[in-house]
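This report refers to the structure that appears directly beneath it.
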Amino acid sequence: MSSQTSAKYRQRLPQLGTKQFLTDAGLETVLVFLDGIDLPCFASFPLHNSQEGAKRLSDYYAGFARLAVENGAGLILESATWRANADWAAKLGFDANALAAVNRRAIELMAEVRRAHETAQSPMPISGNIGPRGDGYDPGKLMTAQEAEDYHGVQIRVFAETEADYVSAFTMTNTPEAIGIVKAAKAAKIPVVISFTVETDGNLPTGQSLKDAIAEVEAATGNYAAYYMVNCAHPTHFDSVLDKDAAWVKRIRGIRANASCRSHAELDAATDLDAGNPAELGRQYADLLKHYPHFTVLGGCCGTDFRHVEAISANCCAKTA
C-alpha cells in the first residue's frame, strides 16, 4: 500500500489550524492501575498480538473518539507503540520482523477506529507514537543525533509505509535524540512532532531549558518539526517558563500533562496511582488556553484516564461543537 495514497492527512495536518483536538489519556497507567493488566517493561504494544488485548485497546480509543464527536472536537489517534523500538522489544522477545509487524498492526487498529468514528466535524489524524530509547524520566546515556537517527529511523520508516499521517516522539528527555528523530522523519518524508518532558522546574531532565531545547532542534533540522508539545509533566511544572509573546512558544501546539503534581523521581518510585483532580486539571488547561490559544492538541499522560480528558474537553472544547 502506498503511503502517499493511504495516509489521509499527511500532506495537511488538521491540528495546525484553530480547531481543538483531544488526545487519549495515560494509556499504560490506565491498563496497569485501573484495568489490572500486567505490562512488562511498561509496554502496551504486545497487546496487539492477542484478540483480547487488541479489543481492549480498540475499546479504549473508541471512548475518546465518541467524546470528541460529542463535543465537535478533533481527536489525535496516537498508536500504542511508545515502547515499540528495538531495545525494549528485545527484552520482550520481539525480533526485528515481529516488531515491524506489530508497529504496522498498531496503525491498522487506529485506522479501524477512525473508520468507525470519524466525522466531518471531528477529523482524526493518526500518529505513529515513538518513545525514547531509554527511560522516559531519565536520559541515561545520551546518543548522538546520528545514533538516534539510525536507531529510531527503523520504526519511523515502518510508520511511513502505513496510514500514519505523521509520527510523534513523546517523553523526550534530551535534544540529540529529538534531533535524530526529526532528521529520520525528514528522510522518510513524514511529518514529525517532538514532545519534551520537563522536571518540576520546567527544564528537561538534562537541565536544559525548554526554550533552548526547541531552539537547538530547530537549528539542527531546518525547522522541520510540524510543532512541539510538552508531556509527562503537570501544568504547574512548566507554566512559569512559558512566555505568551515569545516566538518559541508559538511552536508549541500541544499539552499532555500528568494528573499528579509529583516529580518524575516520586512517580517512578510510587506503587500507587496518583490520579490528581480531574476537574482541577481541566480548569488548568482552560487557564493555559487563555494565554496560549494556539495550543490545539490537548490530552493526558501518566495518571490520567477518561475522566481527565472529559474535564479537559468540557473546559476547552465544548464551545467548538
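The values are calculated or read from the model by the stated rules, or taken from the named source; none is laboratory data. The shown structure was predicted, so the numbers you read here are calculated from the model rather than taken from an experiment. Methodologically, a virtual Cβ is constructed for each residue, glycine included, from the backbone with ideal geometry; neighbour enumeration extends over all protein chains shown.
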- Message: Considering only residues that are of a type in the set (D, E, K, R) and either exposed (fewer than 15 other Cβ atoms within 10 Å of the Cβ) or in a loop (DSSP other than H, G, I, E, B) (or both), which ones fall in region 240-272?
- Response: D243, K244, D245, K250, R251, R262, E266, D268, D272
- Contact list, first residue from region 37-54 and within 23 Å of G134 (Cα to Cα) and hydroxyl-bearing (S, T, Y), second anywhere and at pLDDT 95 or above and part of a helix (DSSP H, G or I), beta-carbon distance below 8 Å, six or more apart or interchain, is S44/L27; S44/E28; S44/L31; S44/L57
- Query: Is it true that some residue in region 219-238 is of a type in the set (G, A, S), surrounded by fewer than 19 Cβ atoms within 10 Å (Cβ to Cβ), farther than 28 Å from E149 by Cα and without any contact (Cβ under 8 Å) to a residue 40 or more places away in the chain?
  - Reply: no
- Task: Filter region 140-173 for residues that are outside any helix (DSSP H, G or I), touching a helix residue (DSSP H, G or I) at 6+ places or on another chain (Cβ under 8 Å) and of a type outside the set (S, T, Y) and give the result.
- Result: L142, M143, E161, E163, A164, V167, A169, M172
- Message: Tell me yes or no: at least one residue of region 221-237 is within 17 Å of L27 (Cα to Cα), touching a helix residue (DSSP H, G or I) at 6+ places or on another chain (Cβ under 7 Å) and of a type in the set (S, T, N, Q).
- Response: no
- Residue in region 1-36 that is modelled with the lowest pLDDT, counting only those that are more than 21 Å from I130 (Cα to Cα) and aliphatic (A, V, I, L, M): M1
- Task: Taking G140 as meeting all but one of (1) within 15 Å of the chain's Cα centre (by Cα); (2) over 20 Å from G53 (Cα atoms), write down the number of the exception.
- Result: (1)
- Task: Return a yes/no flag: does region 93-114 have any residue that is in contact with a helix residue (DSSP H, G or I) (Cβ under 6 Å, 6 or more places away or on another chain), within 25 Å of V249 (Cα to Cα) and either at pLDDT below 95 or aliphatic (A, V, I, L, M) (or both).
- Result: no
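Just a yes or no: is a residue in region 41-53 outside any helix (DSSP H, G or I) and acidic (D, E)?
Checked region 41-53: no residue is outside any helix (DSSP H, G or I) and acidic (D, E).
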- Of the numbered conditions (1) surrounded by fewer than 21 Cβ atoms within 10 Å (Cβ to Cβ); (2) touching a strand residue (DSSP E or B) at 6+ places or on another chain (Cβ under 7 Å), E280 satisfies every one except a single condition; which is it? (2)
- Message: Of the conditions (1) assigned to a strand (DSSP E or B); (2) out of contact with any helix residue (DSSP H, G or I) (no Cβ under 7 Å at 6 or more places or on another chain), L298 satisfies every one except a single condition; which number is it?
- Response: (2)
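Listed here are the residues, each with its yes/no results for (1) surrounded by fewer than 23 Cβ atoms within 10 Å (Cβ to Cβ); (2) touching a Lys or Arg at 6+ places or on another chain (Cβ under 7 Å); (3) at positive phi.
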site: F45; (1), (2), (3): no, yes, no
site: Q51; (1), (2), (3): yes, no, no
site: R56; (1), (2), (3): yes, no, no
site: D59; (1), (2), (3): yes, no, no
site: G63; (1), (2), (3): yes, no, no
site: N71; (1), (2), (3): yes, no, no
site: L75; (1), (2), (3): no, no, no
site: S79; (1), (2), (3): no, no, no
site: A84; (1), (2), (3): no, no, no
- Query: Applying the selection to region 176-200, what residues are closer than 17 Å to V249 by Cα and either among the hydroxyl-bearing types (S, T, Y) or assigned to a loop (DSSP other than H, G, I, E, B) (or both)?
  - Reply: S195, T197, V198
